[in-house]
Amino acid sequence: MKKKSYKKKLFITVISLFSGVLLIGIGAYYYVFHAPNINQVEDETFLYISDTDSFDDVLKQIESKAVVSNRFTFIQVAKRLNFTHALKPGRYALGNKMSNMALIRKLRNGQQDPVKLQFNSLRTKEQLAGKIAEQIMADSMSLITLMNDPEFLKQYEVTPTTVISLFIPNTYEVFWNIGVENLFKRMKREYDLFWTSERKAKAATIPMTQEEVIILASIIQEETNKKSEYPIIAGLYINRLRKKMPLQACPTVKYAVGDFTLRRILHKHLKIDSPYNTYKYPGLPPGPIRTPSTTCIDAVLNYEKHDYLYMAADASLNGGHAFAKTGAEHMRNARKIQQVLNEKGIK
């Protein structure tokens, strides 16, 4: 009996020790792999990994944006999961109280968080490329290079002069490390989606090509800060085009001069020899003078039908315009605004 009792106690003791060791092992495993380790992260904190970053670069970036409670365990889990040499470029959200396992698996598997790429009305290719480059991994020079490459642009049926018409202002979800060529493909898809059969039909009845609609919209958006005037001005310019009258649009002269700060167009500005000078050359300029909003593009497609042929800035300087059907009426409006500008010393 004594032998049996001793063996039983010994068995129980061994089992207890084994269970304790097992529990300690499970606890250690949980602590290293699954316990929160990335802490005190502010809202909307992102990790950016480029194709030239090393594991040390990534670790330094994590530590600069979050508090890593145990640096040693993070490194050990990274090694165990083969992450130290399997970096995938991208933009990754850092969540508060993330475990080593959760973060490393996300980075190793390339589970990126997309960028909401936004660009609105911008005046030049350089401005557009700069705005996009602020939001994705590609630099502005790589974008400009393709924007100025006629052979590359042929596949999108645009030229270096008209390329910004391909970029319809909106908000697009893309991955931060999207390549510039893939970005162009995406913009072409969005362009084609924007130009529905209904919009194409409206353009054809004007008649204008899609590119011409965007060029006219770009001028109109520079003309006024009042959206209510968009369809009125669109109708006015379409009237002039149909009558073979020069547009005489001041924004195109500013674009030709290269000075968007001009508050007053003088006779010396009207003499500049540029295809964008619509006082000197009839018809539309060769390309958009900015990326117009979809609201303004739609205003051209749904232009207001009227008999206006002229407009001048409203003498109240409220950002609006005084519209006229005859040259005589227009001259009266023009004299009013000229008098106000002279009185205020605006040159």
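What to note about this one:
- Entry note, region 206-306: relative contact order of 43 percent, from Cα contacts under 8 Å with a spacing of 6+ residues.
- Ordering Ile265, Thr145, Thr205 by the projection of their Cα atoms onto the charge dipole of the chain, which places +1 on the Cβ of Lys and Arg and -1 on the Cβ of Asp and Glu, puts Thr145 at the extreme positive end.
- Between the amide H of Lys97 and those of Ile38, Asn39, Gln40, Val41, distances stay under 5 Å, these residues lying 5 or more places away or on another chain, with hydrogens modeled in the peptide plane.
- Cross-link partners of Lys227 among aspartates and glutamates, defined as those whose alpha carbon lies under 16 angstrom from its own and excluding same-chain residues fewer than eight positions apart: Asp298, Glu304, Asp314.
- Take the Cβ atoms of Lys227 and Ser69, set R0 to 56 Å, and the FRET efficiency comes out at 0.60.
- Among beta bridges identified by DSSP and lying wholly in the chain, the antiparallel ones come to about 100 percent.
- Shape of region 115-194, Cα gyration tensor, a/c cut at 1.5: rounded
- Projecting the Cα atoms of Leu87, Val58, Met101 onto the charge dipole of region 32-113, computed from C-beta unit charges around the Cα centre, puts Met101 farthest toward the positive end.
- Evaluated with a Cβ-only charge set (Lys, Arg +1; Asp, Glu -1), the chain carries a dipole of roughly 1460 debye about its Cα centre, given to the nearest 20.
- When you restrict to C-alpha pairs under 8 Å that are six or more residues apart and normalise by the size of the chain, the relative contact order lands at 14 percent.
- Nonlocal amide H pairs with Asn170, under 5 Å, H built at 1.01 Å: Phe119
- Placing pseudo-labels 7 Å out from each Cα toward the beta carbon at Glu343 and Thr145 gives an inter-label distance of 5.7 nm.
- Straight Cα distances below 14 angstrom link Lys305 to the aspartates and glutamates Glu229, with same-chain residues fewer than 8 positions distant left out.
- The distance between label points at Thr171 and Glu304 comes to 3.0 nm (points 7 Å beyond Cα on the Cα→Cβ vector).
- For Val213, Val253, Val67, Val41, order by how many other beta-carbon atoms lie within 10 Å, fewest first: Val67, Val41, Val253, Val213
- (1) 127, 46, 34; (2) 63, 46, 32; (3) 65, 52, 39, with the label sought being that of the calculated Cα extents along the principal axes in Å: (1)
- Signed unit charges on C-beta, dipole axis of the chain, positive-most listed residue Thr124, Cys250, Ile337: Thr124
- Applied to region 236-246, the Karplus parametrisation 6.51 cos²θ - 1.76 cosθ + 1.60 on θ = phi - 60° returns per-residue 3J(HN,Hα) values of 4, 5, 5, 4, 5, 4, 5, 8, 6, 8, x Hz, with x for Gly and Pro.
- Its residues counted as N, region 32-113 yields a C-alpha radius of gyration over 2.2 N^0.38 Å of 0.95.
- Phi to ³J(HN,Hα) by Karplus 6.51 cos²θ - 1.76 cosθ + 1.60 over region 225-233, Hz, x for Gly, Pro: 9, 9, 4, 5, 8, 3, x, 5, 5
- Summary value for region 115-194: 37 percent relative contact order, contacts being C-alpha pairs under 8 angstrom separated by 6+ residues.
- Over the chain, dividing the summed -39,500 (n - 2.57) contributions of all DSSP H runs of at least 4 residues by the number of residues returns a 222 nm mean residue ellipticity of -15000 deg cm²/dmol.
- Amide H contacts of Val115 (H built 1.01 Å from N, in plane; Pro and chain starts excluded): Val174, Phe175, Trp176 sit under 5 Å, all sequence-distant by 5 or more or on other chains.
No lab work stands behind these numbers, since they all come straight from the coordinates. All values derive from a computational prediction rather than experimental measurement. In this analysis, Cβ positions are derived from the backbone assuming ideal geometry, glycine residues included, and neighbour counts consider all displayed protein chains.
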